[in-house]
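Worksheet: the structure to be examined is printed underneath.
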Amino acid sequence: MKSDNQQKLRADRVWLTEDACDLNDFRALAEKVTALADYPTASAVERNVLIYDSRTVIGAASTPEGRRAILAEISEAFGIGPGVVVFKHAYEDTGIIDRASTIFDEIIEEQHRTSTGGGDHFAKPGANDRIWNSLEKHCLADPENFARYYGNAIVALASEAWLGPHYQMTAQVNRVNPGGAAQSAHRDYHLGFQSSKVIEQFPAHVHRLSQVLTLQGAVAHCDMPLESGPTLFLPHSQTYEPGYLALKRQEFKDYFEQHHIQLPLEKGDVVFFNPALFHAAGTNRSKDIKRVANLLQVSSAFGRAMETVNREHMSAKLFPALKELKNTLSASEIANAIASCAEGYSFPTNLDRDPPLGGLAPKTQAQLMYEALAENWSDDTFTKALVEQAARKLS
Ligand SMILES: [Fe+2]
């Protein structure tokens, strides 16, 4: 009898179900108040969300110990804290954003002209314009602007705080036109994109794993007053373990409707949030604001990103631009741009052809790029080396 009971308790621990989600359990977690005193580098808590002044963060990260401390602070903000952080003025030079916006507008116009561009999950057709894989399209269209844009210290710091090094950057532009309706409340990739039937097949530790495999971000490409519909968030909701299943239930959707918060953003601000946070894009009630955000989805080195990205092609295109910018961008800005472009992880590979040299991991695409930059290789030499490296990884 006792062992039957043990087996039932164990099954309930391991197999989370939509039926077992409990709003009172959820409220006990989601109604936690964010205390500014717990986050000494933050400048404010607004509507339960941590607000950081980007210049203060970069100053705090200027020594190795300071950087470890601020990475830890932000890591906990995403994990056990509110789950969402606003970095004010992450792009002090908004000229970088404006140039990227021009590139995105051209890509959207081209999509309209040629009737390409895909559908959208979570939104009705026509309400918005999407650029899937804006990362690669941006890099190929203007590698110099890409280097400045992804050289950003805050983007790199937030990504590293949650995912560690060698993360895989992907990005998608969302331009929500006036009248564009709100999304439904959701969690994001991985488990956030599955039905309850599928989600219930994964043991509980995989629910916990899903949220550490990616980080969500949004770069504001224009001022976003509340009427333009910046993202709706429910701070602390990422801490509810069965949350991927809970959002399929009406009482959780209703709770989100009643309790979500929204913060206005300025051009150049960046928001990062745990992919397990309950959130949804807001309704654009403005008359004339096309709300443009570049949505960063950063994946762990150990996970599989949502989009395929031709990093070999991008690296070949970025390399000449980085050579030109060597004296303009700082070494860490160049490193950040490389981290957003080249593959930073050695695996999977073919260890017969691509053996580790002087360590346990074979050379990465990013390491190849560093080497080529340091030794000032010609573009052709680097492109050839990229092709050869890719070939060595094949089985
Ligand atoms: Fe989302």
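The values are calculated or read from the model by the stated rules, or taken from the named source; none is laboratory data. As the structure is a prediction and not an experimental result, all values here were calculated from the model. In this analysis, Cβ positions are derived from the backbone assuming ideal geometry, glycine residues included, and neighbour counts consider all displayed protein chains. Ligands, DNA and RNA are stripped out before the accessible areas are found, and what is left, the full protein with its side chains, is counted by its heavy atoms. Shrake-Rupley method; radii C 1.70, N 1.55, O 1.52, S 1.80 Å.
Round to a whole number: what % of the accessible area of segment 1-97 belongs to carbon and sulfur, probe 1.4 Å?
53 percent
For ARG285 and GLU31, compute 0.36 nm times the residue count separating them, minus their Cα-Cα distance, and round to one decimal in nm.
Result: 88.6 nm gained on full extension.
Of the GluC sites (Glu not before Pro) in segment 340-394, which ones lie in a loop per DSSP and count no more than 13 other C-beta atoms within 10 Å? Present the calculation step by step, with values, prior to reporting the outcome.
On the way: sites: GLU343, GLU371, GLU375, GLU388; in loops: GLU343, GLU375.
Those that pass, being in a loop and sparsely packed, are GLU375.
Above 26 angstrom, tally the Cα pairs of segment 163-307 and express them as a % of all pairs, no decimals. Write out the running numbers ahead of the final one.
Numbers: 2653 of 10440 pairs.
The share of Cα pairs beyond 26 Å in segment 163-307 comes to 25 percent.
Hey, could you get me the Stokes-Einstein D for the chain, Kirkwood radius over alpha-carbon pairs, 4 °C and 1.567 mPa s, rounded to whole µm² s⁻¹?
58 µm²/s
Taking the Cα centre of segment 99-216 as origin and charging only Cβ (+1 Lys, Arg; -1 Asp, Glu), how large is the dipole, in debye to the nearest 20?
So the magnitude is around 340 debye.
Read phi for every residue in segment 130-135 and hand back ³J(HN,Hα) as whole Hz from Karplus 6.51 cos²θ - 1.76 cosθ + 1.60, θ = phi - 60°, with x for Gly and Pro.
Coupling constants for segment 130-135: 10, 10, 6, 6, 4, 4 Hz.
For segment 80-196, rounded, prolate or oblate, judged on the Cα gyration tensor with a ≥ b ≥ c (square roots of eigenvalues), a/c < 1.5 rounded, else prolate if a/b > b/c?
Oblate shape, in that a/c is at least 1.5 and b/c is the bigger or equal ratio.
Could you compute the net charge surrounding ILE289? Neighbours are other residues with a C-beta less than 9 Å from the C-beta of ILE289; K and R count +1, D and E count -1.
With Lys, Arg at +1 and Asp, Glu at -1, the net is 0.
Among LEU295, SER195, ILE96, whose Cα lies farthest out toward the positive end of the dipole of the chain, if unit charges sit on the beta carbon of Lys, Arg (+1) and Asp, Glu (-1)?
My answer, from the dipole projection, is SER195.
Give the Kirkwood hydrodynamic radius (Å, one decimal) of segment 42-142, defined as one over the mean of 1/r across all pairs of different Cα atoms.
Evaluated over segment 42-142, this radius sits at 16.7 Å.
Provide the per residue accessible area, probe 1.4 Å, for segment 311-393, rounded to a whole number of square angstrom.
On the way: 4300 Å² over 83 residues.
Here the per-residue accessible area is 52 Å².
Any chance you could tell me what percent of the C-alpha pair distances in segment 249-331 go past 21 Å?
60 percent
Using a/c under 1.5 as the rounded threshold, could you call segment 148-208 rounded, prolate or oblate? The axes a ≥ b ≥ c are square roots of the C-alpha gyration tensor eigenvalues, and prolate needs a/b larger than b/c, oblate otherwise.
On the way: a/c = 3.21, a/b = 1.17, b/c = 2.74.
In terms of gyration-tensor shape, oblate.
With springs only between Cα atoms under 10 Å apart, run a GNM on the chain and tell me which of LEU357, LEU277, LEU295 wobbles the most.
Per the Cα network of the chain with a 10 Å cutoff, LEU357 tops the list.
State the percent of C-alpha pairs, over all pairs in segment 311-393, separated by a distance greater than 18 angstrom.
39 percent
Compute the FRET efficiency between ARG353 and GLU144 as 1/(1 + (r/R0)^6), taking r as their Cβ-Cβ distance and R0 = 41 Å, and round to the nearest 0.05.
Working: r = 34 Å, r/R0 = 0.84.
So the FRET efficiency works out to roughly 0.75.
Can you grab the distance from the C-alpha centre of segment 46-109 to the C-alpha centre of segment 232-289, Å, no decimals?
Computed from Cα coordinates, the inter-centre distance equals 18 Å.
Compute the FRET efficiency between ALA391 and VAL206 as 1/(1 + (r/R0)^6), taking r as their Cβ-Cβ distance and R0 = 25 Å, and round to the nearest 0.05.
0.15
How much of the accessible area of segment 311-393, probe 1.4 Å, is carbon plus sulfur, in whole percent?
That share works out to 54 percent.
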